[in-house]
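Derivation of every value follows stated rules applied to the coordinates shown; laboratory data play no part. None of the values given here were measured: they were computed from a predicted structure. Cβ coordinates were reconstructed from backbone atoms using ideal geometry, including for glycine residues, and neighbour counts include every protein chain displayed.
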Amino acid sequence: MTAAAGTVGPGKRARPPGTMLRHLGDHGFSSQAARTAALRQLVLQAPAPVIARSLSFHDTTTARIAAEAGKSWIHYAPGDHTG
């Protein structure tokens, strides 16, 4: 791409917010599906409440997605366990 095509470079402006999502949507990519898939991967790697607080999601949203993904974290004990 050239600078004239809207790329970011020295002295150039970034695209307006949402432009990339519209562009992906025009090509058949669902931003909602991608967002849910990314969140599903995160709740498999860390407890849902941790992800919720880190990304400003509601606890019930991340807990629901974790349950759908098959991860409950019921044995997770929050706190410092370093000794």
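Among the residues of the range 37-59, the ones that are under 18 Å from Gly70 (Cα atoms) and in contact with a helix residue (DSSP H, G or I) (Cβ under 7 Å, 6 or more places away or on another chain) come to 10 in all.
Being surrounded by 11 or more Cβ atoms within 10 Å (Cβ to Cβ) and within 28 Å of Ile74 (Cβ to Cβ) is a property that Arg22 lacks.
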